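Nothing in this text is a laboratory measurement; each read-out follows from the coordinates by a stated rule. Note that the coordinates shown come from a computational prediction; the quantities given were computed from them, not determined experimentally. Positions of Cβ are backbone-derived with ideal geometry, glycine not excepted, and every protein chain shown enters the neighbour counts.
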Amino acid sequence: MREGVSRLLESDQGIHLVATGADLESLLAVVEEHSPDVVVTDIRMPPTSTDEGIQAAEVFRDSHPQLGVVVLSQYDEPEYALKLLARGAAGRAYLLKDRLFNPSDLLHAIREVAAGRSVIDSQVVEGLVASRTRFETSPLWQLSPREIDVLFQMAEGKNNEAIANTLHLSVGVIEKHINAIFSKLGLGEEADVHRRVKAVLIYLSNGTTVR
């Protein structure tokens with residue numbers, strides 16, 4: 001994906017590609033070194049492959065306030081877009097990879113955020129309009145994207161080992177995520193089996209379905 005986007009940008013005479021990065025650390029470093037006008041980033045990168053793109057966009061709000069950020073994502077869930085836009089939409093774009101039918105869509109988004117404007121995929125906008133209130137009042141809003149991933153796997157009935165295998169994490173890391181989920185959802189006094197059931201019920205009752 002990175003190589004494909006790089007070739008696209010290099011083919012446009014109005015855009016100068018100054019650097020690429022493979023993870024959050026390298027992305028932060030090249031922005032600090034080159035001070036570009038725009039960053040194009042995947043929503044998920046190493047080291048944790050959760051929401052590094054959004055984390056980077058949040059850092060840049062303070063360190064490089066004029067920097068435009070285009071986030072490429074395969075997820076149209078409103079909570080990701082809400083976190084990206086929590087401090088304003090200016091200079092931010094959220095595009096779905098599988099809806100980038102024309103390379104010019106990405107080039108357009110780059111130019112828009114460079115000018116301080118925003119571009120949000122229409123499918124994501126529809127989800128935001130329908131779900132903004134629900135997500136802002138839902139206890140799930142407290143959970144990180146990775147914790148949502150773990151809770152989704154729990155809703156599918158998987159045990160900790162199966163979740164670890166699916167998400168390519170250790171069982172110990174999964175246990176830490178689950179304990180954090182219990183804590184954030186206020187499920188601290190009952191047996192683990194009951195807490196798992198209640199956590200899944202909260203997940204499903206907030207309009208989220210098992211995919």
* Using only helices, what value at 222 nm comes out for the chain when you add -39,500 (n - 2.57) per DSSP H run of length 4 or more and divide by the total residues, to the nearest 500 deg cm²/dmol? -> -16500 deg cm²/dmol
* Can you pull the percent of Cα pairs in segment 139-205 with separation above 21 Å? -> 12
* Structure fact -> As straight-line cross-link partners of K176, the qualifying aspartates and glutamates (C-alpha separation under 16 Å, not fewer than 8 residues apart within one chain) are E147, D149, E161, D192
* Asked: Can you give the Kirkwood hydrodynamic radius for segment 2-137, in Å, rounded to one decimal and based on Cα pairs?
  -> 15.0
* Structure fact -> Amide H neighbours of V38 at under 5 Å, excluding residues fewer than 5 places away on the same chain, with H built from the backbone geometry, are G68
* Asked: In the calculated pair distance distribution of segment 1-76, what percentage of Cα-Cα distances lie above 14 Å?
  -> 60
* To do: Determine the relative contact order of segment 1-92: mean sequence separation of Cα pairs under 8 Å and six or more apart, normalised by residue count, in whole percent.
  => 22
* Please state the charge dipole magnitude for segment 72-126, taken about the Cα centre, from unit charges on C-beta atoms (+1 on K and R, -1 on D and E), reported in debye and rounded to the nearest 20. => 320
* To do: Using Cα pairs closer than 8 Å and at least 6 residues apart in sequence, work out the relative contact order for segment 139-205, in percent.
  => 42
* Asked: Where in segment 6-42 does the label zone of L107 land, with the point 7 angstrom along Cα→C-beta and an amide N cut-off under 19 Å?
  -> 6-19, 37-41
